[in-house]
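Peer 1: Starting off with a structure, shown below.
Readers should treat all values here as calculations from the given coordinates under stated rules, not as data from a laboratory. All values reported here derive from a predicted model rather than from experimental measurement. A quick note on method: Cβ atoms are made from the backbone with ideal geometry, for glycine too, and the neighbour counts reach across all protein chains shown.
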Amino acid sequence: MIYSKIAGTGRYLPERILTNAELEKIVETSDEWIRTRTGVERRHVAAEDETTSSLCIEAAKSAMEAADVKSEDIDLIVIGTTTPDLIFPNIATLVQQALDIHGCPAFSIEAACTGFIYALSTVDKFIRAGESQCALVIGAEIITKLVDWNDRSTCVLFGDGAGAVIVKPSAEPGILSTHLGADGKYKELLYYPVGASKDLVAAGTDAVGIIMRGNEVFKVAVKTLGAVAQQALKANNMDKSELDWLIPHQANLRIIQATAKRLKLPLEKVIITVQDHGNTSAASVPMALDVGIRDGRIKRGQLILMEAFGGGFTWGSVLMRY
Ligand code: COA
């Protein structure tokens, strides 16, 4: 039996840090409101000349170094993102070119905040089928360029970043299962109103931003993230007590706390980065994984459940032995 195994991880966060105190000068809000309602204290914001691919490249280099992998070893690149540099060519080909990799398949997956989980699940299938020996998987986002900085109900939530992993086949587990889901009936609760084939030109200089019914998103997120975790454990005949780490999408500390409570997991077993990163959409789970690995909390052989939830809605999980 072939398993997919994470051989190395990396992350990149833009240099500029935007604090809650600075946001108080931009919109009518307060550090206290943001911290108590969301848990976010600061977030990284990309510079004008940074693009999502430039973040990806740095995160990829760091994952490749951790896995001791060279450009010529990589035979597949999959990137989860909703904020690619260009409409085409796809962002994975831009990263491929920058890393001097030529000829292997390179594509992106758009599933909002679940983008990395969708990408990793897809790569897991390539590896199990024997079609990849060394894959680069990234979740990355410059979501702050989509944000309407006049809308206090959304602009305080988001941040930019990229998280990367190198995945290789292994006789030892490895990814034990992946589960993906989506339900388009929730579109109205969270979306961006402009795209390549809809109103892109008309939008012009008008302020366009993320449309979100926060309260309703919150409720579905908590319910879904709890159910997704149970689904993964049940499929593997495992109990939540066997989990070493939960790495949930970092949207809001209260959502993370409520999910952990549903699973009866102490918060000490949850990797939490939302205070420092904000909601970085597809980048949030791989960056949190990298934080946990690099600070020594996550160790080889431990059982880890990663899960995410985002616009669509989309959702998914990856249960793995690191
Ligand atoms: N600062 C101060 N007040 C704010 C504010 C801000 N940044 N944003 C909203 N408010 C106000 C609202 O205008 C509202 O005022 P009102 O009662 O006078 O109308 C009040 O705070 C409460 O708003 P509400 O939306 O009910 O707050 P909430 O407790 O639901 O928290 C969110 C708002 C957005 C933090 C919360 O709903 C949330 O995190 N939802 C999930 C969002 C999410 O995760 N999205 C991504 C999913 S991948």
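Peer 1: On the first, second and third principal axes, largest extent first, how far apart are the outermost C-alpha atoms of the stretch 52-203 in Å?
Peer 2: So the extents along the principal axes, rounded to whole Å, are 49, 32, 28.
Peer 1: Separation of the stretch 251-317 and the stretch 174-225 by C-alpha centroid, Å?
Peer 2: The two parts, judged by their Cα centres, are 19 Å apart.
Peer 1: Given the options I247, A260, T29, identify the residue whose Cα lies farthest towards the positive end of the charge dipole of the chain (+1 on Cβ of Lys, Arg; -1 on Cβ of Asp, Glu).
Peer 2: A260
Peer 1: Using a Förster radius of 41 Å, what is the FRET efficiency between Q97 and K269 based on their Cβ-Cβ separation? Nearest 0.05, please.
Peer 2: Plugging the Cβ-Cβ distance into 1/(1 + (r/R0)^6) gives 0.55.
Peer 1: A further question follows. Farthest toward the dipole's positive end in the stretch 54-96, which of A59, I91, V69, given Cβ charges of +1 (Lys, Arg) and -1 (Asp, Glu) about the Cα centre?
Peer 2: I91
Peer 1: Using θ = phi - 60° and the Karplus curve 6.51 cos²θ - 1.76 cosθ + 1.60, what whole-Hz ³J(HN,Hα) does each residue of the stretch 125-134 get, with Gly and Pro shown as x?
Peer 2: 5, 4, 5, 4, 7, x, 9, 9, 10, 6
Peer 1: Aspartates and glutamates within cross-link reach of K240: Cα-Cα under 18 Å, excluding same-chain residues under 8 positions apart?
Peer 2: By straight Cα distance, K240 reaches E268, E307.
Peer 1: Would you please put 21-28, 137-144, 266-273 in order of how densely packed they are, using the mean number of other Cβ atoms within 10 angstrom per residue and starting with the highest?
Peer 2: 137-144, 266-273, 21-28
Peer 1: Another one. Is there a quick way to get the dipole size of the stretch 231-322? I mean about its Cα centre, with the Cβ of Lys and Arg at +1 and of Asp and Glu at -1; what is the value in debye to the nearest 20?
Peer 2: Approximately 220 debye in magnitude.
Peer 1: Here's something else I'd like to know. Determine the gain in length on full extension of the stretch I17-M238; use 0.36 nm per residue of separation and subtract their C-alpha separation, reporting nm with one decimal.
Peer 2: Residue separation times 0.36 nm, minus the Cα-Cα distance, leaves 75.6 nm.
Peer 1: Nothing charged except the Cβ atoms of Lys and Arg (+1) and of Asp and Glu (-1): what's the magnitude of the dipole of the stretch 129-272 about its Cα centre? Round to the nearest 20 debye.
Peer 2: Roughly 540 debye, rounded to the nearest 20.
Peer 1: Another one. Distance check, please: which entries in K145/K223; K185/K223; K145/K168; K5/K61 exceed 22 angstrom between their Cα atoms?
Peer 2: Result: K145/K223; K145/K168 exceed 22 Å.
Peer 1: Another question, then. For the chain, with a Gaussian network of springs between Cα atoms less than 10 Å apart, report the residue from E188, E48, E131 with the top mean-square fluctuation.
Peer 2: Result for the chain, Cα springs under 10 Å: E48 fluctuates most.
Peer 1: Taking a label point 7 Å from the Cα of I2 along the Cα→Cβ vector, which residues of the stretch 159-174 have an amide N closer than 13 Å to it?
Peer 2: 168-172
Peer 1: I would also like to ask the following. About its Cα centre, how strong a charge dipole does the chain have in debye, to the nearest 20, once Lys and Arg get +1 and Asp and Glu get -1 at the Cβ?
Peer 2: Taking the Cα centre of the chain as origin, the dipole is about 1360 debye.
Peer 1: If I build a Gaussian network model for the chain, linking alpha-carbon pairs within less than 10 angstrom, which residue out of N237, N90, N150 has the largest mean-square fluctuation?
Peer 2: Greatest mean-square fluctuation among the candidates belongs to N237.
Peer 1: Looking at the chain, send over the antiparallel percent of its DSSP beta bridges, to the nearest 5.
Peer 2: 70 percent
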